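Chemist: Got a structure for you, written out below as structure tokens; questions coming shortly.
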Amino acid sequence: QVQLIESGGGLVQAGGSLRLSCAASGRTFSVYRMGWFRQAPGKEREFVAAITWSGGTTLYADSVKGRFTVSKDNAKSTVYLQMASLKPEDTAVYYCALRPNTNQGYSSWGQGTQVTVSS
């Protein structure tokens, strides 16, 4: 199995930046895509961004395009989410997730890290 360890959450002011990290580890695992999801209070979990491991193709939710950047370090099996121009509506618990292959959805999840954007 794979374990996902997140870090980098915190409290920032609107307009500020924050960088989240998520490292995957385990005896053996496959990575097709790693992504970021978030869940705000009273709302359902939503997709934020993802990156395909092999080609590096990125995907973003419309709400974060132009502000967030997802990247990866293949050697470290780590995915990053650089968040800029943060808005109060970005406040949520952010989860990283791993999609092992195209036949499966995101099957491994991190513990979540709180991001709070104050106005």
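The values are calculated or read from the model by the stated rules, or taken from the named source; none is laboratory data. Treat the numbers as computed from the prediction; the structure is a model and nothing was measured. Backbone-built Cβ (ideal geometry, glycine too); neighbour counts: all protein chains shown. Heads up: the accessible areas ignore ligands, DNA and RNA and are worked out on the full protein's heavy atoms, side chains in. Shrake-Rupley method; radii C 1.70, N 1.55, O 1.52, S 1.80 Å.
Chemist: Kindly establish whether Thr28 is within 14 Å of Pro100 (Cα to Cα) and at pLDDT below 95. Before you say what the answer is, go through the steps one by one.
Modeler: On the way: within 14 Å of Pro100 (Cα to Cα): yes; at pLDDT below 95: yes.
Judged against the criteria, Thr28 is a match.
Chemist: Continuing with the same structure: Test Met83 against the stated conditions and say whether it is aliphatic (A, V, I, L, M), in contact with a Ser or Thr (Cβ under 7 Å, 6 or more places away or on another chain), within 21 Å of Ile5 (Cα to Cα) and crowded, with 22+ Cβ neighbours inside 10 Å. Walk me through how you get there before you give the answer.
Modeler: Numbers: aliphatic (A, V, I, L, M): yes; in contact with a Ser or Thr (Cβ under 7 Å, 6 or more places away or on another chain): yes; within 21 Å of Ile5 (Cα to Cα): yes; crowded, with 22+ Cβ neighbours inside 10 Å: yes.
In short, yes.
Chemist: List every residue pair whose Cβ atoms sit under 7 Å apart, with the two residues 6 or more apart in sequence or on different chains, where the first one lies in the stretch 99-110 and is more than 15 Å from Thr52 (Cβ to Cβ) and assigned to a loop (DSSP other than H, G, I, E, B) and the second, anywhere, is modelled with pLDDT of 95 or more and of a type in the set (Asp, Glu).
Modeler: Here the result reads Gly110/Glu6, each pair linking the stretch 99-110 to a residue that is modelled with pLDDT of 95 or more and of a type in the set (Asp, Glu).
Chemist: Output the residue which, of all residues in the stretch 45-77 that are under 16 Å from Val115 (Cα atoms) and among the aromatic types (Phe, Trp, Tyr), is surrounded by the fewest Cβ atoms within 10 Å (Cβ to Cβ).
Modeler: The residue in question is Phe47.
Chemist: Shifting gears a bit: Can you tell me which condition Gly66 does not meet? The list is (1) within 14 Å of the chain's Cα centre (by Cα); (2) at pLDDT 95 or above; (3) not charged (D, E, K, R), and all the others hold.
Modeler: The failed condition is (1).
Chemist: Is it the case, given these coordinates, that Gly42 is open to solvent by less than 70 Å² (accessible area, probe 1.4 Å), free of Cβ contacts under 8 Å to residues at least 12 places away in the same chain and more than 14 Å from Cys96 (Cβ to Cβ)?
Modeler: Details: open to solvent by less than 70 Å² (accessible area, probe 1.4 Å): no; free of Cβ contacts under 8 Å to residues at least 12 places away in the same chain: yes; more than 14 Å from Cys96 (Cβ to Cβ): yes.
No: the conditions fail for Gly42.
Chemist: Okay, next question. Are any residues in the stretch 3-30 in contact (Cβ under 8 Å) with a residue 60 or more places away in the chain, open to solvent by 40 Å² or more (accessible area, probe 1.4 Å) and either part of a strand (DSSP E or B) or more than 18 Å from Gly66 (Cα to Cα) (or both), and if so, which ones?
Modeler: Result: Gln3, Ile5, Ser7, Leu11, Gln13, Arg19, Phe29, Ser30.
Chemist: Suppose we keep only residues that are part of a helix (DSSP H, G or I) and out of contact with any Phe, Trp or Tyr (no Cβ under 9 Å at 6 or more places or on another chain) within the stretch 33-78. Which one would you say is farthest from Ser107 (Cα to Cα)? Outline the logic, then answer.
Modeler: Here is the first cut: in the stretch 33-78, the residues part of a helix (DSSP H, G or I) are 74-76.
The next check asks that each one be out of contact with any Phe, Trp or Tyr (no Cβ under 9 Å at 6 or more places or on another chain); those that pass are 75-76.
On the way: Ala75: 21, Lys76: 20 Å.
For the stretch 33-78, the residue satisfying everything is Ala75.
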